[in-house]
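First comes the structure, then the notes that go with it.
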Amino acid sequence: MNRTRVLAIASKEWREIVRDRLFFALAFVVPAALMLLFGFGLSLDVEHLPLAVVDHDRTPMSREYVHRFIDSRYFDFKGYADDENQLDRHIVDNQLRAVLVIGPHFERNLMAGRPAQVQTLVDGTFPFRAQTVKGYVAAINAAFNVETLTQAISQIRGVPQAQVREQLPLIGIEVRFLYNQSMKSIWSIAPKLLMVIMMISPPFLTALGIVREKESGSIFNIYSSTASRGEFLAGKLLPYVAISTLNILVLWVLAIFMFGTPFKGDPLFFLLSAVLYVTCTTGIGLLVSVAVKTQVAAMIGTTILTVVPAVLYSGVLIPVSSLSSVARVIAHLLPGMYFADIAMGSFLKGLGLATYWPQVLALALYACILFTAGYLLFHKRVDA
Amino acid sequence: MTMAQLELQGLRVWWGRLRVMTVKELLQLLRDPVLLFVILYGFTADIYNAGSGVTLQLTNASMVVQDLDRSAASRELVSRFLPPEFSIGYQITRDSEAAQLLDDGDALLVLTIPPQFERDLLAGHKTHVQMQIDATNSVLGFLAYSYGTQIISSYALEAGIQSAGLGAGAASLAPVVDNRVRVWFNPNQNDAWFMSISELLNVITAFSILLPAAAMVREKERGTIEQLLVSPLTPIQVMLPKTLAMMLVIQLGIVISLLTVLVPVFHVPIQGSLPLFFCITTLYIINLSGLGLFIATVTRNLAQAAMLSILVLAPMIFLSGIWTPPEAMPAAVRALTVFSPLYYYMDACYGILLKGADLRVLWDSVLGIVVLGCFTVGFGLWRFRRQFD
């Protein structure tokens, strides 16, 4: 490969990009805007779920039970209703996410030492939310049960409640959250966001690069030039890799200073693997650009090929271990997952090349495969 | 010719032009096989992948137990961590092993049961177990924590009842509240229903903005817009056929995805009325084509249009609450959801497809789509007209 020719093509491409001011501005605005949007908006701590209560018992004890739900930050109390059948409509209409139904004789049963029945109806449209609600309900219920047991035991044994309370619950649970002590979502999400955004934006930047020349006909200049296929592809790719590397730095700064994510790893290792990663993602765009004939197809194809997998399969919303076997294969076929490991390790765990050399190797291999595929697909001869 | 005849002829010409231009757009689309393939992929394989591949539930969470008691009670507690949520790897004895496993990501949860666990329980003394959770992924971390505490607290409750000799030692007879949770609309919490529908909505949204925008910018970039400018077509006659053609393609795509993926593969129960679903979809596509038109007017070439589309698409999809429930958003962001057309459309679609909602319930969502649509289409047309002059 001739370095002068590669640089000549790269500088021509760079000038074309810079002269298209709106495009050049968007190349930097899009990643930063996405980072801010996701960073501030993405959180999976489900709170303020609208809740209504049907209390068939209406006793002090049932009201106390209801208050444990009302007072928690997880639920927003919307009011009492006489009959759960009145509330169906509101769940369908998204005005309620959960309904607590307390059966009759709630207080009498508990006082007499018998179990009491309560039902919670939950909107299951969004399964993750339903699951979270189940967890909240179980936790609030367990806390209430400790209280009723304490009372029952102190009555039977004739010991003061305070003494029983020291013993219950019999098993205390100590929980240690590792790597993300405060369980603040943004902490754990910021490094992965970096990965997702650099999976979305660079392919879009690059996707139209070659097909645009095909459509406008300027590709014939390349066909008739001395530049080889490899030189042309490398030269095309360089400016986009440069822009994406700059964007990585911007997002890195945003993650650390806006979102307060700690960076415990080696900056140089992180930066180098990030460059490798954006080479892969811009390469995806380049490959699309080589493969299609029209810009519209390149644009739509990139949307479907990158945005969707970037969000679904790279472990941001859904951990890779929870993916089905087919999806896990797809996840392994994308560069995002490998870089997500590196980013998480560099930011939160302070781990480096010693741990992540397989991931770095995978990315390097990925870049080589993309480039080879592009090389094989791109011809300097016009199809007959 | 009378006035009425003249008007009739005018109308006929208008329809004729609309028809011809729509056919032109469709032909152009048909002659791009790669694009057609991508669209077909988006409505079938892509939705299949999303629906089959993703679950936000805790499955096979790797768990490691450090049982320092090795008694009947400790084994009983461990045996309650069941598949499919948990998969118990092996037992370890040293703390350093736990740290290593968590560091390497080989264990999500390490449960430590102290020595004399059983003896303490039988004597009614308080004891402590420890859960160490890898919270690098906060969703999984939270679910593991939530399930783990549920299992341990219900075990603790039973142990408490037993040691106090209440209800003959059985929880079913003791004074405790039994809270049964019933999940509606998706009783088995089948993620495939949610994921496949949400992916369908994402695809509809992306195509409804990108296709009309691309169809318009392409004319600008290639210079064929000059031909349209000198033709007797009004701005609406230029814009409407593009929207119509793309709408036809998208609606056809929806039918294909319902018939080949959603219903036969994932068994999504279509509870409500499909005609209503398609009517609302039509309104939604018109709404978004206004946005597409706006993008087309501010950009000069497709590269700009593509970048600007992401800038419009990503916030719109994000704010709709399709990726994370609105209840999980900060209050300020949550207030912005009302500006995302997808927010209303999503409510309507889940309402119709999963909950069996009808127009009496959905009128507010429809109103939201229409009101926002008036703004986007009005604004898009206004910009477009100005460019035409």
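What the table below lists for this structure:
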item	result
Members of A:134/A:264; A:293/A:380; A:134/A:192; A:12/A:192 lying beyond 25 Å, as alpha-carbon distances in this model show	A:134/A:264; A:134/A:192; A:12/A:192
Compactness relative to 2.2 N^0.38 Å, alpha carbon Rg of region A:49-167	1.16
Chain A - mean residue ellipticity at 222 nm from DSSP helices (-39,500 (n - 2.57) per run, n ≥ 4, rounded to 500)	-20500 deg cm²/dmol
Partner chain coverage, peptide B:148-158 - average Cβ within 10 angstrom	5
Whole-Å semi-axes of region A:207-344's equivalent ellipsoid (Cα gyration tensor)	31, 20, 13
Burial order of peptide ranges A:78-84, A:98-104, A:363-369 (average beta-carbon count within 10 Å, highest first)	A:98-104, A:363-369, A:78-84
Volume in Å³ per residue [convex hull over Cα atoms, computed for the protein assembly as shown]	171 Å³
Average other protein chain Cβ within 10 Å of Cβ, residues A:23-35	3
Chain B: antiparallel DSSP beta bridges as a percent of all, rounded to 5	30 percent
GNM flexibility winner over chain B from B:200, B:311, B:210 (Cα, springs under 10 Å)	B:311
Derived scalar couplings ³J(HN,Hα) [region B:62-70; Karplus, 6.51 cos²θ - 1.76 cosθ + 1.60; whole Hz; x for Gly, Pro]	6, 10, 10, 10, 10, 9, 8, 9, 6
Cα-based convex hull, region B:61-173, per residue volume (Å³, whole number)	96 Å³
Sorted peptide list for B:116-127, A:332-343, A:150-161, criterion being average Cβ within 10 angstrom, highest first	A:332-343, B:116-127, A:150-161
Stokes-Einstein D in µm²/s, Kirkwood radius over Cα pairs - chain A at 20 °C with 1.002 mPa s viscosity	86 µm²/s
Ranked packing of A:267-275, B:223-231, B:86-94, most packed first, by mean Cβ within 10 Å	A:267-275, B:86-94, B:223-231
Low-density loop positions, trypsin sites (Lys or Arg not before Pro), region A:201-304 - DSSP coil, at most 14 other Cβ in 10 Å	A:264
For chain B, built as a Gaussian network whose Cα springs stay under 10 Å, the top-fluctuating residue of B:165, B:290, B:373	B:165
Antiparallel %, DSSP beta bridges [both residues in region A:34-131], to 5	30 percent
Percent of beta bridges antiparallel (DSSP, the protein assembly as shown, rounded to nearest 5)	20 percent
Cβ neighbours within 10 Å from other chains - mean over A:337-346	1
Binned Cα-Cα distance frequencies in region B:239-338 - 5 Å width, integer %	2, 10, 14, 16, 20, 18, 13, 5, 1
Helical contribution to [θ] at 222 nm, DSSP H n ≥ 4, -39,500 (n - 2.57), averaged over chain B, rounded to 500	-21500 deg cm²/dmol
Among B:66, B:271, B:251, residue whose mean-square fluctuation peaks in a GNM of chain B (springs only between Cα atoms under 10 Å)	B:66
Helix axis angle, B:302-319 relative to chain B longest principal axis, alpha carbon, degrees	40 degrees
Interatomic Cα distance distribution for chain B, bins of 20 angstrom, percent	22, 40, 25, 11, 2, 0
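No lab work stands behind these numbers, since they all come straight from the coordinates. Since this is a predicted model, take the numbers as computed values, not measurements. Cβ atoms come from the backbone with ideal geometry, glycine included; neighbour counts cover every protein chain shown.
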